[in-house]
Each structure stands twice: as C-alpha cells, then as structure tokens.
Amino acid sequence: MKKIVYSIAFLGTLAFGFQSCGHKVSRVDVNEQIDISGKWNDVDSRMTAEAMVEQVLGEVWLSNFVKEKGEKPVVIVGFVKNNSHEHIEAETFVKDIEKSFIKSQRVRLVQGGDKREELRAEKADQQTNASVSTMKKWGLEVGADFILQGSINSIVDAYKRDKVVYYQVDLELTNIQTNEIVWIGDKKIKKTVRN
Amino acid sequence: MKNLGFLLLSVMVGTFAQAQTQDPDQNPNYAQAAAKYDTNKENLLVNQGLTIQNTYEAFDWSTYKADKKQARIDNRHAVRLARANTPNYYGRPYYRNGRNYYNNYGYQSNFYAPSLGGVLLGVGLDHLLFH
C-alpha cells in the first residue's frame, strides 16, 4: 500500500516537473541584447535608430534651412523599400527618428499615408457634425518641405554552417520643391552566424 | 465629347494654376505635369509611411538541409504508396497486421487490376523471392 502511495507521489512530482519545464516566460530589459536566429532583430533596429537620429539632427541641412528660411523645416515620412533577404519593418526605427524630431523641437513633422487619410475623413465628418466654432477648415494643412525616404539592402555569404550577413540601411531627406537631396544617413551592420 | 473632355481638363488645370502664385523662374508648361500627377496621386501615395517588402531568397544551409530531408521523406512515401497499390510491381504489397498499410479500407486496392502477364510475373517473382 505504502509502495503504491510513494509511486503515485513520485509520478505526480515528475508530471508537475515536466509541465513546468515545457513553457517558461520571463520579462527582460528591452535594451538587453538577445540573438537567437541571427536574423534582423530589435537590437539591429535600435542601433539603426540611434545612428540615424545622431546623423539627421547633427548635420548641416538643418542649420542651412533655418538660416535660409528663418523657420523650422517640415518633414513628411515617405516609404522605405526593403530589398534585403528578410522581412524587415522599417517603422520600428523610423518611429524613433520621428520621435527625435518632435523631442528636439528643431524639426516639424506632418502626418502622411493612411493616418492623413483618417484625419481628412474626420475633417469631412466635422463639416456636417461639429459645431461651427469647433469645425476644422479644409486647405489649412502644413505643407512639408522635405520627404524622408529610404531603403534596406543586404548581402549574404554562406558556406555550410557559417554565414556572414551584411545589412545597409540608407535614409535620405529630399527637398520637395527642388528634388535636392540634402541629407543621406546610413547604418551598416555585419553579423556572423553559425548554425 | 473630345472637346468637352478638353474643356474640363482646361478648367481643372486653370483652377490649379490659379491656386498657385506664378514664380518668374517657373517652367511655363508646369500645368501639364500638375494635371498628370493630380489624377494619379492616390495610387502614388498608397505606400507612404510604409515599408515596401521587395525581399529575395538567400541561401541558407539549414533550410537547404531541411528541404532535402523533406524531399527524401516525400519520395520514400510516394514509392511505398506506389508499391502498395501495384502488388506485382516490386513484389508483395506492404502489409502490417494482415492489412495493407497504405489502403484506407483495410483491404488491398483492386483499382489497379493486374494484367494476366503481370499476375504471372508477380507469382513467379513471389515464388523466387519469398519461397
């Protein structure tokens, strides 16, 4: 009888042990570097954002514009083309750049794409639903001076289990009036991966 | 009809041109470009603020190995299936516990009815190989 009780207890402990081993979740610091597969990850995105923010706010295009026009430049974000071998969402680092524009108070940012469409739809809705004193008018949006566009490219060199991956992220600011490129920033990342 | 279209386009371009103040250095034909992009701007701005995914497939050793393994498994399965459905193809069909392993109904499929020659060859091979 005692033997059976011990056996059941042992099996129960074993089952509980296996169950707790199967699935484990823990919170880690967002700045911690964790590389699992060797693919593009949050660390690469953060490194790109930091480099781009430093470059875009520290170069002469900004002071030149302020000197010439006497006001802060207005920027709109265009598209980023991912020509690499991996699925990469540029929004993760482009958002950090946009945030730096607003935080620094040296560059003005205007909304584009889907969000702008939503804003205009809201404005259209206000024309029939909002009170006259609070209704927003058409045709008073701020026109952008510059557009931010970019591309992501990669080169992969692989032999058996070893792989070298090179990413190059390029962002550029172009004057919408003149098509003149006033700033190009880049971030290059090289990784070695052993499978 | 053609004149009406031209008139509408002229009004549109005229309205657009009025909205802008003329610059002394501005190209006198600017209204043509304005009309061209004004009709197509929604399509051109559809990707604004987004990432256009134009990825390519790079060589990856582990994926290559996994694909090769899967192809081997699929091929082996196809050969076994063919062997099970044609009893006189290589010899006996693959039986397990007295039932044809690759037949859903537990009976040997007679869909591929063997010919007389096939039967004789099968019997002969069966005798040679298994007796």
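The values are calculated or read from the model by the stated rules, or taken from the named source; none is laboratory data. Predicted model, so just to flag it, every value in this text is computed and none were measured. No Cβ is skipped: glycine too gets one built from the backbone with ideal geometry, and neighbour counts run over all protein chains shown.
Filtering the range A:177-190 to residues that are over 28 Å from A:Asp145 (Cα atoms) and either surrounded by 15 or more Cβ atoms within 10 Å (Cβ to Cβ) or at pLDDT below 95 (or both) leaves only A:Ile189.
For the range A:117-129, state whether one or more residues are crowded, with 16+ Cβ neighbours inside 10 Å and touching a helix residue (DSSP H, G or I) at 6+ places or on another chain (Cβ under 9 Å). The answer is no, given that none of the residues of the range A:117-129 is crowded, with 16+ Cβ neighbours inside 10 Å and touching a helix residue (DSSP H, G or I) at 6+ places or on another chain (Cβ under 9 Å).
In the range B:35-68, of all residues being assigned to a loop (DSSP other than H, G, I, E, B) and small (Gly, Ala, Ser), the one that is modelled with the highest pLDDT corresponds to B:Gly49.
Take A:Ile76 and tell me if it is assigned to a strand (DSSP E or B), within 14 Å of chain B (Cβ to nearest Cβ) and more than 16 Å from A:Ile184 (Cβ to Cβ). Answer is yes for this residue.
Restricting the search to the range B:29-51, which residues are surrounded by 14 or more Cβ atoms within 10 Å (Cβ to Cβ), hydrophobic (A, V, I, L, M, F, W, C) and within 12 Å of another protein chain (Cβ to nearest Cβ)?
B:Leu45, B:Leu50
Selection within the range A:41-90: residues that are of a type in the set (Gly, Ala, Ser) and within 23 Å of A:Val142 (Cβ to Cβ). The member of this set that is surrounded by the most Cβ atoms within 10 Å (Cβ to Cβ) is A:Gly78.
A:Glu98 meets all of the listed conditions (1) within 14 Å of chain B (Cβ to nearest Cβ); (2) more than 16 Å from B:Leu50 (Cα to Cα) but one, namely (2).
Of the residues examined, B:Arg83 is not one that is at pLDDT below 80 and closer than 30 Å to B:Leu128 by Cα.
Output the residue which, of all residues in the range A:47-69 that are under 22 Å from A:Asp186 (Cβ atoms) and among the charged types (D, E, K, R), is farthest from the chain's Cα centre (by Cα). So, considering only residues that are under 22 Å from A:Asp186 (Cβ atoms) and among the charged types (D, E, K, R), the one farthest from the chain's Cα centre (by Cα) is A:Glu59. Here is the figure for the range A:31-46: residues that are more than 11 Å from the chain's Cα centre (by Cα) and part of a helix (DSSP H, G or I) total 1.
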